[in-house]
1. Under the condition of being part of a helix (DSSP H, G or I) and over 36 Å from the mean Cα position of the chain (by Cα), which residue from the stretch 98-123 is surrounded by the most Cβ atoms within 10 Å (Cβ to Cβ)?
2. Restricting to the stretch 133-173, what's the tally of residues that are loosely packed, with under 15 Cβ neighbours inside 10 Å, in a loop (DSSP other than H, G, I, E, B) and modelled with pLDDT under 90?
3. Confirm whether ALA38 is at pLDDT below 90 and hydrophobic (A, V, I, L, M, F, W, C).
4. Going residue by residue through the stretch 45-58, is there one that turns out to be more than 30 Å from SER167 (Cα to Cα), under 34 Å from the mean Cα position of the chain (by Cα), of a type outside the set (Ser, Thr, Tyr) and not in a loop (DSSP other than H, G, I, E, B)?
5. Looking at the stretch 69-83, is at least one residue assigned to a loop (DSSP other than H, G, I, E, B), over 30 Å from GLN15 (Cβ atoms) and of a type in the set (S, T, N, Q)?
6. Within the set of pairs 6+ apart or on separate chains, which have a first residue in the stretch 100-125 that is under 16 Å from SER167 (Cβ atoms), a second that is surrounded by fewer than 11 Cβ atoms within 10 Å (Cβ to Cβ) and not acidic (Asp, Glu), and C-beta atoms under 8 Å apart?
Amino acid sequence: MKLIKRICLQHNLKQRIADNHKRLYRTVYAWSHDPDLAADIAQEAMAKALKRVNQLRDASKLDSWLFGILINCWRDHFRMTRETVDIDNVEITHDETPEHVQQTRDMVQSVRKSISRLPETQRQVVTLVNLEGFSYAETAEILNIPVGTVMSRLSRARSSLADYLLSYKTDHDVNLETPKLRRIK
């Protein structure tokens with residue numbers, strides 16, 4: 001008796017699954033706007049649901065279970081159709097050569113060394129304006145000095161740095177940009 005009841009219940013569930021085919025198709029069509037894709041994915045979801053009908057524990061949750069299968073079929077479709085690149089055909093290049101990396105390290109070291117040679121007052125202004133990005137007015141406020149003093153210290157510091165770094169440039173054949181002046185805010 002229980003076996004017959006279970007068979008009838010499964011048959012009833014299979015019929016309810018089959019009755020949902022149009023809803024599944026409509027949903028996938030709304031997602032994709034492709035009738036062929038919608039038909040394929042809805043059919044795949046139906047096949048999986050019918051094959052696994054005995055895994056449904058609560059018949060009242062058929063819709064959520066069925067649409068869960070549908071969304072998984074949708075995701076699987078895109079996982080399988082994702083464009084792949086043959087790694088053997090990829091040319092691997094890198095802009096930074098070991099020489100360039102070493103040259104950059106040397107220049108950074110030289111800039112740090114040249115900044116450390118500046119008097120403390122000039123070092124403070126250079127680091128606040130050029131490294132931390134503060135305006136002249138903000139730097140003046142931080143150091144509690146007039147804006148004109150910030151500008152003159154920065155000018156002297158940049159001049160000293162330029163002399164040192166230009167000698168570095170000629171020794172190492174490096175392209176150094178001329179420093180850009182900032183406006184007073």
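The values are calculated or read from the model by the stated rules, or taken from the named source; none is laboratory data. All values derive from a computational prediction rather than experimental measurement. Reconstructed Cβ throughout: ideal geometry from the backbone, glycine too, with neighbour counts over all protein chains shown.
1. GLN122
2. Number of matching residues: 2.
3. no
4. Initial filter on the stretch 45-58 (more than 30 Å from SER167 (Cα to Cα)): 45-58.
Filter once more, keeping what is under 34 Å from the mean Cα position of the chain (by Cα): 45.
Right, trim to of a type outside the set (Ser, Thr, Tyr) and you get 45.
Subsequent filtering for residues that are not in a loop (DSSP other than H, G, I, E, B) retains 45.
Yes: the stretch 45-58 contains one or more residues that are more than 30 Å from SER167 (Cα to Cα), under 34 Å from the mean Cα position of the chain (by Cα), of a type outside the set (Ser, Thr, Tyr) and not in a loop (DSSP other than H, G, I, E, B).
5. No, there is no match, as no residue in the stretch 69-83 is assigned to a loop (DSSP other than H, G, I, E, B), over 30 Å from GLN15 (Cβ atoms) and of a type in the set (S, T, N, Q).
6. The qualifying pairs do not exist here.
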